[in-house]
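Shown next, in structure tokens, is the structure this report addresses.
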Amino acid sequence: MSGNTFGTVFRVTTYGESHGPALGAVIDGCPSGLPLSAADIQKELDRRRPGQSALTTPRKEPDVAVIESGVFEGRTTGAPIAVRIVNENQRPSDYGDTARLFRPGHADRTWFEKYGLRDYRGGGRSSGRETAARVAAGAVAKKLLGLYGIRICAWTESIGPIAAKSGAPENAESNAVRCRDAEAAAEMEAYIQAKAAEKESVGGVVACRADGLPVGWGEPVFDKLDAVLAHAVLSVGGVKGIEFGSGFAASLLCGSENNRPGHSGGVLGGISDGEPLFFRVAVKPTPSVFKTQIFRGEDGTETETALRGRHDPCLCPRIVPVIEAMTAVVLADFALLGRCSRTGKPALQTEEKTLK
Ligand SMILES: Cc1cc2nc3c(=O)[nH]c(=O)nc-3n(C[C@H](O)[C@H](O)[C@H](O)COP(=O)(O)O)c2cc1C
């Protein structure tokens, strides 16, 4: 299996399966001297971990981050940073009934056809649990970006037909759906719970904004800033679409309208243009639902049955920190790559603050 590593200079490799002993991330290419503690990583993991509210899976995982290398006396050394997260709440018995069946909407059949075998326990490596490792790596990237004065904030913009109407993105952490609009958040919660009671799940839209980006990040041919962000974000399970700035709505505008500030999403020609980076992602309804469905088996037969186990009726609240993490990993990489653009000091780029 290839493709377990992401990035060019700031390179993140994740490992581990949903019901294996542990999962984790190895971050290569992080410069030395960056202050970093397990608490910096834990803060982000606590936002992604299951069991945070009635809206997330009751699987209780403390998701404790252990830094195993690359940090000495509270600072990065320049060596690979390894972060391990032990899986403590495996319950493979939840999957006994459906072990030889492919769950609809999951990667079960495609992985089986590709590799000839699969870890049926929660999807193994294809599980959303793999994103805990990404969040750990994203926490390191966020620390690095802090030196450049960059802040990343993602939030739930809509759930099913209910959309946020007002509110600052920073408000989103104050409710369980992570929506910037408290009134819409209450409606969203009720909607998710009503659908969960029908043994159903729902999807939504997550938005992300990064402030403080200098002009000039992004490599403008194959590794455009928006292209790499799309790669990073679409690699998160359950994310089905992405649009930058005016996005698909740009197709309805005239050129002069779309040329106005705020429509670019902060990227022109694959290079950051100095405006806030802004994009939205479409999140599909959680594939695991408790309704009776038709399952195809490894032997080609079809069975009508229902899933057991523990699943989020809506992925958006837990995908929010994952989107921030992947954005941070991409931006940290471009921050380091940006140092190679010119001889001398790039005129328009922010220099990182000197470490004390
Ligand atoms: C943080 C996170 C948590 C997830 N939790 C669940 C879950 O509890 N149940 C589920 O069916 N899918 C969950 N998923 C989504 C599946 O992993 C994903 O839909 C599946 O692997 C198929 O991939 P695809 O939807 O990208 O095609 C989660 C995804 C993420 C990112």
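Derivation of every value follows stated rules applied to the coordinates shown; laboratory data play no part. Computed from a predicted model, the values in this text were never measured in an experiment. Cβ coordinates were reconstructed from backbone atoms using ideal geometry, including for glycine residues, and neighbour counts include every protein chain displayed.
Based on the mean of other beta carbon atoms within 10 Å per residue, what is the order of 323-331, 99-107, most packed first?
Ranking the peptides 323-331, 99-107 by packing returns 323-331, 99-107.
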Quiz item: What's the extension gain from Ser2 to Ala79 if we count 0.36 nm per residue and subtract their Cα-Cα distance?
Solution: 25.4 nm
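List Tyr15, Tyr148 from most exposed to least, where exposure is judged by having the fewest other Cβ atoms within 10 Å.
The most exposed by this proxy come first: Tyr15, Tyr148.
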Exercise. Arrange the following residues from fewest to most other Cβ atoms within 10 Å of their Cβ: Thr343, Thr56.
Key: Thr343, Thr56
Quiz item: Once fully extended, how much extra length lies between Glu173 and Leu253, figured as 0.36 nm per residue of separation less the alpha-carbon to alpha-carbon distance?
Solution: 25.5 nm
Quiz item: What number, in percent, do you get for the relative contact order of the chain if the mean sequence gap of Cα pairs under 8 Å and at least 6 apart is divided by its residue count?
Solution: 22
Practice problem: Express the C-alpha Rg of the chain as a ratio against the empirical globular expectation 2.2 N^0.38 Å, rounded to two decimals. | Solution: 1.01
Quiz prompt | Asp97 paired with Ala197, simple spin-label distance in nm, labels 7 Å along Cα-to-beta-carbon | solution = 2.3
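Rounded, prolate or oblate for segment 125-191? Axes are the square roots of the Cα gyration tensor eigenvalues, ordered a ≥ b ≥ c, and the cut-off for rounded is a/c under 1.5.
Working: a/c = 3.35, a/b = 1.46, b/c = 2.29.
Here segment 125-191 falls in the oblate category.
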Exercise. Report the chymotrypsin sites (Phe, Trp or Tyr not before Pro) located in segment 158-223 that are in a DSSP loop and have at most 14 other Cβ atoms inside 10 Å of their Cβ, or state none.
Key: Phe222
Exercise. Can you tell me which of 279-287, 108-116 comes out highest on packing, and rank the rest after it, using the mean Cβ neighbours within 10 Å?
Key: 279-287, 108-116
Practice problem: Figure the gain on full extension for His231 and Ala54 (residue separation times 0.36 nm, minus the Cα-Cα span) and round it to one decimal in nm. | Solution: 60.6 nm
Quiz prompt | Distance histogram for segment 25-79 (every C-alpha pair counted, 5 angstrom bins, percent rounded to whole numbers) | solution = 4, 19, 23, 19, 13, 9, 8, 5, 0
Quiz prompt | Peptides 307-317, 265-275 ordered by average Cβ neighbours within 10 Å, highest first | solution = 307-317, 265-275
Quiz item: Using modelled backbone amide H atoms (1.01 Å from N, in-plane), which distant-in-sequence or interchain residues come within less than 5 Å of Cys179's amide H?
Solution: Thr156
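Given the rule -39500 (n - 2.57) for each run of at least 4 DSSP H residues, summed and divided by the residues of the chain, what is its mean residue ellipticity at 222 nm, to the nearest 500 deg cm²/dmol?
After summing the helix terms and dividing by residue count, I get -7500 deg cm²/dmol.
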